[in-house]
Amino acid sequence: MASTEPSSDDLRGYGDELADATVATLFERGEVGKFNSLMRYVSTVGQELPDGLPEVAREYLHVTSAPPSWVDWDEMEKARLFFIDNNVHISTALSFASMPACYLVPHIAKLLSATHSLKYPSKRMAETGQFTVLLMQPDAFEAGSRFIPAAQKVRLLHASIRHHLAREGLWDVAALGTPICQEDMIGGQMMFSVQVLDALHRLGIHMSVDGAEAYYYAWRVVGAMLGVDQEHVPADLDAARRFSDLYMTRHMGPSREGADLTRQLINLYEDVVPGTLLDPVVSALIRYLIGDTGADWLEVPRTPWDTLVKAAPVLLNVLETVEDRSPFGAWALDRLGHLTTVFELSSLTRGRVMHYAIPERLKKDYGLSSAVPRTRRWTPPAPVIGTPDTQRP
């Protein structure tokens, strides 16, 4: 199905019926606290569910305990190998392209800001990084793995945010549609798949068509497990890029929340990078990957590294040449990539396992206390002859 303005408007009208009904029942029966306490001990596939778990939650976990029946496991294995070969580059793209892309959508930035953990700003990146790493494990869907329980909990987390915002009158549904609606969920899927692949291309990473398509396919599987209506999900990369372009054109623009979240992201990675000499690389990478227009909207500072970082594709091309010509070099670079990803994730999580729980009170738990106004819609600027901005947001 081709993505159009009317079809996208329709997708703003609903969320995830199964998860929404489950969460509503848990709140109606006062069982959210019990669910969260017991589910902390449910973290692997095949694990016996604890006694006392609310029946509606038990039924939800049973229905969602397996991947879609249509999964092509050969494609999933291709995706896993693609991730192993490009894990550092993918982590870079997720951090410095995908997350800023989320912040470029004002109503998403507002929602993320409202539901951002107040404990430490790395929580969302840690959750995203952990989720991706769990997905790309060789046994992600087998007994003992942790991906499916994580997906089940994330799906309920999204439903709980919809529940709170609607019940407490903290979201202008008439203006913005359902919070975390189907259009936004598919848009998020594009940010973590298509826009990651676009960022890899921008970095000069050589990718096979099969590898790129498999990576996108894996995120289609993820979307299905997170409650995305598959009837409206683009079936291939070309259609996905058209959806992504339409989604960003419809919604992206500047916002105070987007700029604040970007500042938190920059601060976070400047703390992760040892010393201060390389701190400006963080801002330079974001600006390089999302383009000057988006970077200016997010108030990404300009630095002397903005020009130097454009040499990144040259350096990465040298490393890829070493990898292609030397089996030992390939092994060493893959191992280095794995260790770098592990180090980054451990820095973000601070050694903790991230738990995805249902917030019992949005105002107290996340600091949301005012209504979300309608955001100003972005209108593409008139092109300036001779200075085209061809970077994809």
Exception for Asn267 within (1) at pLDDT 90 or above; (2) within 21 Å of the chain's Cα centre (by Cα); (3) surrounded by fewer than 20 Cβ atoms within 10 Å (Cβ to Cβ) falls at (1)
Of the listed residues (Ala151, Ala166, Ala140, Ala159), the one being over 17 Å from Tyr41 (Cα atoms), part of a helix (DSSP H, G or I) and open to solvent by less than 50 Å² (accessible area, probe 1.4 Å) is Ala159
Of the candidates Ala224, Ala199, the one satisfying the condition of being out of contact with any Lys or Arg (no Cβ under 8 Å at 6 or more places or on another chain), in contact (Cβ under 8 Å) with a residue 60 or more places away in the chain, part of a helix (DSSP H, G or I) and surrounded by 22 or more Cβ atoms within 10 Å (Cβ to Cβ) is Ala199
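Please find, among Ala214, Ala240, the residue that is over 27 Å from Leu111 (Cα atoms) and open to solvent by less than 10 Å² (accessible area, probe 1.4 Å). Reasoning before the result, please.
Details: Ala240 fails: over 27 Å from Leu111 (Cα atoms).
Every option except Ala214 fails the conditions.
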Output for Cβ contacts, cut-off 6 Å, separation at least six or different chains, first residue touching a residue at least 40 places away in the same chain (Cβ under 8 Å) in region 30-51, second open to solvent by less than 40 Å² (accessible area, probe 1.4 Å) and not β-branched (Val, Ile, Thr), reads Val32/Leu26; Phe35/Leu26; Phe35/Pro54; Phe35/Ala57; Val42/Pro149; Ser43/Pro149; Val45/Ser145
Only unsatisfied item for Val300, checking (1) open to solvent by less than 10 Å² (accessible area, probe 1.4 Å); (2) touching a Gly at 6+ places or on another chain (Cβ under 9 Å); (3) within 29 Å of Ser160 (Cα to Cα), is (3)
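The values are calculated or read from the model by the stated rules, or taken from the named source; none is laboratory data. If you're wondering where the values come from, they're calculated on a predicted model, not measured in any experiment. Counting neighbours? That spans all protein chains shown, and the Cβs are built from the backbone with ideal geometry, glycine included. Side chains are part of the model used for accessible areas, which takes the heavy atoms of the whole protein and leaves out ligands, DNA and RNA. Shrake-Rupley method; radii C 1.70, N 1.55, O 1.52, S 1.80 Å.
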